[in-house]
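First the structure, in the form of structure tokens, and then the observations on it.
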Amino acid sequence: MSSLVRPRSDRVIAGVCSGLARRFGMKPLTVRILAVALVLFAGLSLWAYVLMWILMPNEE
């Protein structure tokens, strides 16, 4: 597993989903769809995304 960073490439908004996908060995599109579904149906707050955006460092 790689470290948890936001990649410079393959970003849609901030690179959070792409970074999580790299970390856990998944496709970025899968993580993006999962994130949208969690926001819409499971009540995951957008604050969680913003918090990850702030806490995850950029890729060097």
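The modelled label-to-label distance between L38 and E60, using points 7 Å beyond Cα along the C-beta direction, is 2.8 nm.
What percent does the relative contact order of the chain come to when contacts are Cα pairs within less than 8 Å and at least six residues apart?
Working: 61 pairs, mean separation 24.1, N = 60.
Over the chain, the number comes to 40 percent.
Residues whose amide H comes within less than 5 Å of that of R6, counting only those at least five positions distant or on another chain, are N58, E59 (H built at 1.01 Å from N in the peptide plane). Sparse packing (at most 12 other Cβ atoms within 10 Å of the Cβ) combined with a DSSP loop state is found for the following trypsin sites (Lys or Arg not before Pro) in the range 1-32: R8.
Each value in this text was obtained by applying a stated rule to the coordinates, not by laboratory testing. Quantities reported herein were computed from a predicted structural model and do not represent experimental measurements. Cβ atoms come from the backbone with ideal geometry, glycine included; neighbour counts cover every protein chain shown.
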